[in-house]
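The values are calculated or read from the model by the stated rules, or taken from the named source; none is laboratory data. Since this is a predicted model, take the numbers as computed values, not measurements. Every residue, glycine among them, receives a Cβ derived from its backbone with ideal geometry; neighbour counts consider all protein chains shown.
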Amino acid sequence: MSAVVVGYVPSPEGRAALDTGISEARLRGARLVVVNTTRGDALVDDRYLAGDGLAALQAELDALDLETELRQPTTYDDVADDLDAIADEVGADLIVIGLRRRSPVGKLILGSAASRILLTAHHAVLAVKA
């Protein structure tokens with residue numbers, strides 16, 4: 001069975017990626033693998049789910065009519081590398097990520113996680129806006 005991997009953070013962009021990933025998994029008859037990761041460059045990262053936020057996301061995934069899996073890598077490697085490695089492992093057809101709005105200057109700088117994913121992933125990537 002194929003898979004759709006979603007890069008998820010608790011934000012409007014993450015929600016858009018999750019909703020699109022759910023739709024794509026249904027369309028493809030694929031397993032949904034949701035990856036919530038952190039860059040590991042801070043002691044506390046509010047994008048890395050814990051407690052009630054983690055339980056709520058797991059409950060939402062459990063209620064879907066899909067085979068789902070929630071992963072939280074703790075290697076603190078590059079987010080792009082984490083997503084690509086997991087996509088390799090699960091045989092993903094697609095990686096879905098959310099994009100935030102960036103300024104014209106920000107678009108010139110290729111330092112964001114989304115830019116690295118788009119440029120380095122070995123899988124098809126679908127980038128969605130909130």
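Overview of results
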item: Single match in Ala92, Ala63 (criterion: more than 15 Å from Ala114 (Cβ to Cβ), crowded, with 19+ Cβ neighbours inside 10 Å and at pLDDT 95 or above); result: Ala92
item: Whichever residue in the range 114-130 is closer than 17 Å to Val35 by Cα and assigned to a loop (DSSP other than H, G, I, E, B) and, among such residues, is modelled with the highest pLDDT; result: His123
item: Selection count where residues are of a type in the set (S, T, N, Q) and either crowded, with 18+ Cβ neighbours inside 10 Å or in a loop (DSSP other than H, G, I, E, B) (or both), scope the range 4-29; result: 2
item: Boolean, Leu32 is touching a Ser or Thr at 6+ places or on another chain (Cβ under 7 Å), closer than 24 Å to Asp78 by Cα and either surrounded by 21 or more Cβ atoms within 10 Å (Cβ to Cβ) or modelled with pLDDT of 95 or more (or both); result: yes
item: Flag for Leu54 being at pLDDT below 95, surrounded by 14 or more Cβ atoms within 10 Å (Cβ to Cβ) and over 26 Å from Thr120 (Cα atoms); result: yes
item: The range 5-30, subset touching a strand residue (DSSP E or B) at 6+ places or on another chain (Cβ under 7 Å) and of a type in the set (Val, Ile, Thr), residue nearest to His123 (Cα to Cα); result: Val5
